[in-house]
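Peer 1: I have a structure I would like to understand better, so I am pasting it below and will then ask my questions one at a time.
Here, each number is a calculation from the coordinates, and none is a lab measurement. These numbers come from a predicted model, not from an experiment. Glycine also receives a Cβ, built like all others from the backbone with ideal geometry; neighbour counts cover every protein chain displayed.
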Amino acid sequence: MTDEPAHEERPLERMIAPGSGRRKAPPFPKGRQLDPRALDEIRDLLGTQPRRRDLLIEYLHLIQDRYGYLSAAHLHALAEELRLPMAEVYEVASFYAHFDIVRDGETKPAELTIRVCDSLTCAMMGAEALLAELPRRLGAKVRVVRAPCMGGCDRAPVAHVGHCEVAHATVERLVEAAASRPRPAIPPYQSLDAYRAEGGYGRLDDCLRGALGVDRVIDTLSESGLRGLGGAGFPTGRKWTFVRAEAKPRYLAVNADEGEPGTFKDRHYLETRPHQFLEGVLIAAWAIEAEAVYIYLRDEYPAAREILRREIAAAEAAGLTRHTTIHLRRGAGAYICGEESAMIESIEGKRGLPRHRPPYVAQVGVFGRPTLVNNVETLYWVPEILTRGAEWFAAQGRHGAKGLRSYSVSGRVRNPGVKLAPAGITVRELINEYCGGMAEGHTFKAYLPGGASGGILPAAMGDIPLDFGRLEPHGCFVGSHAVIVLSDRDDLKAAALNLMRFFEDESCGQCTPCRNGTEKAVKLMSARTWDRALLEELAMVMREASICGLGQAAPNPLLSVLKHFPEELA
């Protein structure tokens, strides 16, 4: 018998115990090592709060608020504490604009961040000058970044110093705010006692004690003509009926993430009459027998968040929420989460990626259960309609429309702001009757009837009723009733480019037509001469093939300029 040839032992063989058939443990653990100090800090930060996956975004906010950024060590510790893969925690944190991730070896962000809104109305009012001058004046200890619409279009230009809004911002005001580090101011608002003193929560009491039946409530809302006022315009009573037909448990998700440039009406009601909104929420929860309510509020509204936190607690203490549970969830800077299915993904602690449909959220919504999604203004009107009657609300419209609308008006008008006006009012009537006319020295030239995605129409078409279904024949829609007024001093090609840049930045990146289409459109629209044929072809692909409304509506301003303003292209 001959000896076997000698061979050199390989590294893998050194890790296997002779005769065991099992590999030895490696000499050191693989992957990132858990930092015990970071783990202690995360455990201290979370305290006794539940370690649930759907609270991931809430906990990322806790870290960002405490330390000013998200370190790799803290992300790893949070993943360990929530029993989640590190990759999942990282992909969620990196999806949202308001989280600052600092990787190993990277420099921490500046002590203070100033976000300057560069969306259309703020750009018209001088945002670019602020962005150009502030870094020179403030130095390296303050980070100045561009930000999308902050819901302060009537006070443009606006900026956030930390989480504090500076309205009608100037370089001097922002330099002063950077030095003083102000906290968000809580505006005066109607308290629970004041609301109850005027009869508030009376309709909820009627519902809970059986004086008002569900069928009667839904019939009243249907007869009033109340529709979804977040943009879609779906009849409210019909939506409630659809969700009630689904199996229990059911949920209610409130969309308070009004990120559409030009929109700020929901903020107005949350910061002035929060309990009328909350009564509408609680009536809706009663009607569909929702086990829980999730209010998803955009992060740009810290004052509204504090008001809701206080007043939800007050309502709970008063026994008004005994039939359901209200959860307040904080967005993190993602316009796409205004899309209902993306919002639901975010409520569940995930990236805000729109879902493919069907199934619709009325069937498969929050945590896979049937979910009613309504926006703030829709629910705000519920108690008043039940008090005054369907006929009262329906009779408020103009030009054949039904109801009242809260128009967010900004741009070149004398008195911008939230204007409570009849549904179906024309933009010319809105400017003259509610806004004091055009701003001094400006001539009405064009308007956006429905925010960034609603398209642009010329002043010559200023007598079309601003209501659902009236603007679609002209390639536009009223959406969330955000009206931005442009004048003879505004460049419409530049306005359309500003809006497309917004969509490029806010695309979630899930589908190619939107992700690549918005980027390509920005490049084409940045040229001195627009390639009309190529832009129209690109717009068609985006409209027809994008997963959700962002990509489908993003070409509207571009197509409006091509259709209604040929003189701008010369």
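Peer 1: Quote the charge dipole size of the chain about the Cα centre in Debye, to the nearest 20; the model charges only the Cβ of Lys and Arg (+1) and of Asp and Glu (-1). Each step should come with its number before you reach the end.
Peer 2: Values: 71 positive and 74 negative charges, 68 e Å.
For the chain, the charge dipole is close to 320 debye.
Peer 1: Enumerate the aspartates and glutamates that K141 could reach by cross-link, defined here as Cα to Cα under 13 Å, with residues fewer than 8 away along the same chain left out.
Peer 2: Output for K141: E111.
Peer 1: For the range 209-345, report the % of Cα-Cα distances exceeding 23 Å. Write down the numbers at each step before the final one.
Peer 2: Values: 3197 of 9316 pairs.
Distances greater than 23 Å cover 34 percent of the Cα pairs.
Peer 1: Calculate I(q)/I(0) for the range 415-537 by the Debye formula, one identical point scatterer on each C-alpha and no solvent, and give its log10 at q = 0.13, 0.15 Å⁻¹ to two decimals.
Peer 2: -0.59, -0.77
Peer 1: What is the Cα radius of gyration of the range 137-245 over 2.2 N^0.38 Å, N being its residue count? Before the final figure, lay out each step's value.
Peer 2: Values: Rg = 22.5 Å, N = 109, 2.2 N^0.38 = 13.1 Å.
The value comes to 1.72.
Peer 1: Just one of (i) 88, 67, 59; (ii) 105, 66, 54; (iii) 67, 64, 50 is Cα extents along the principal axes in Å as worked out from the coordinates here. Which one is it?
Peer 2: (ii)
Peer 1: I've got another one for you. Using r as the Cβ-Cβ distance of Q190 and T325, and R0 as 22 Å, what FRET efficiency do you calculate, to the nearest 0.05?
Peer 2: Details: r = 24 Å, r/R0 = 1.07.
Calculated value: 0.40.
Peer 1: Another question, if that's okay. Sort 474-487, 40-53, 138-151 for me by packing, meaning the mean count of neighbouring Cβ atoms within 10 Å per residue, highest on top. Could the numbers behind the result be given before it?
Peer 2: Numbers: 474-487: 25.3, 40-53: 12.8, 138-151: 18.5.
Per-residue Cβ counts within 10 Å, averaged per peptide and sorted highest first, yield 474-487, 138-151, 40-53.
Peer 1: Using the Cα centre as the reference, give the magnitude of the dipole from point charges on the C-beta atoms of the range 185-305 (Lys, Arg: +1; Asp, Glu: -1; all else neutral), rounded to the nearest 20 debye. Could the numbers behind the result be given before it?
Peer 2: Numbers: 15 positive and 18 negative charges, 40 e Å.
About 200 debye.
Peer 1: For R227, list long-range residues whose amide hydrogen, built 1.01 Å from N in the peptide plane, is under 5 Å from its own amide hydrogen.
Peer 2: Hits under the 5 Å cutoff: T236.
Peer 1: Ratio of Rg to Rh for the range 93-184, alpha carbon only, Kirkwood? Walk me through the numbers before you get to the answer.
Peer 2: Numbers: Rg = 13.1 Å, Rh = 13.5 Å.
Ratio of gyration radius to Kirkwood radius for the range 93-184: 0.97.
Peer 1: Separate question: Classify the range 88-127 from the C-alpha gyration tensor, please: rounded if a/c falls under 1.5, else prolate or oblate depending on whether a/b exceeds b/c.
Peer 2: Values: a/c = 4.59, a/b = 1.87, b/c = 2.45.
Oblate shape, in that a/c is at least 1.5 and b/c is the bigger or equal ratio.
Peer 1: Let me ask something additional. Placing unit charges on C-beta atoms (Lys and Arg positive, Asp and Glu negative, everything else neutral), compute the dipole magnitude of the range 485-570 about its Cα centre in debye, rounded to 20.
Peer 2: Values: 10 positive and 13 negative charges, 27 e Å.
Dipole of the range 485-570, to the nearest 20 debye: 120 debye.
Peer 1: Additional query: Any idea how far the Cα center of the range 241-318 sits from the one of the range 143-219, in Å?
Peer 2: If you average the Cα positions of each part, the centres end up 12 Å apart.
Peer 1: On to the next question. Taking 19 Å as the cut-off for C-alpha to C-alpha distance, list the pairs among K445/K563; K419/K563; K493/K523 that go past it. Present the calculation step by step, with values, prior to reporting the outcome.
Peer 2: Details: K445/K563 15 Å; K419/K563 29 Å; K493/K523 13 Å.
Table pairs above 19 Å Cα-Cα are K419/K563.
Peer 1: Pick out, from T518, A318, Y360, the residue whose Cα sits farthest towards the positive end of the charge dipole of the chain, with +1 on the Cβ of Lys and Arg and -1 on the Cβ of Asp and Glu.
Peer 2: Positive-most Cα among the choices belongs to A318.
Peer 1: Once both axes come from the Cα atoms, what is the angle between helix 302-317 and the longest principal axis of the chain, in degrees from 0 to 90, rounded to 10?
Peer 2: Between helix and principal axis, roughly 90 degrees.
Peer 1: List the Cys residues of the chain that have no partner Cys with a C-beta closer than 4.7 Å.
Peer 2: C149, C153, C164, C207, C337, C435, C476, C508, C511, C514, C548
Peer 1: Something else: Give the span of the range 232-305's Cα atoms along each principal axis, as three whole-Å numbers ordered largest to smallest.
Peer 2: Projected onto its principal axes, the Cα set of the range 232-305 covers 36, 23, 19 Å.
Peer 1: Continuing with this model, one more query. Helix 56-67 against the longest principal axis of the chain: what's the angle in degrees, Cα atoms only, rounded to the nearest 10?
Peer 2: Around 80 degrees separate the two axes.
Peer 1: Put +1 on the Cβ of each Lys and Arg and -1 on the Cβ of each Asp and Glu in the range 34-145; which of L34, L45, L134 then has its Cα farthest toward the positive end of the dipole?
Peer 2: Checked the options; the winner is L134.
Peer 1: Relative to the longest principal Cα axis of the chain, at what angle does helix 532-545 sit, 0 to 90 degrees, rounded to 10?
Peer 2: Computed tilt is about 70 degrees.
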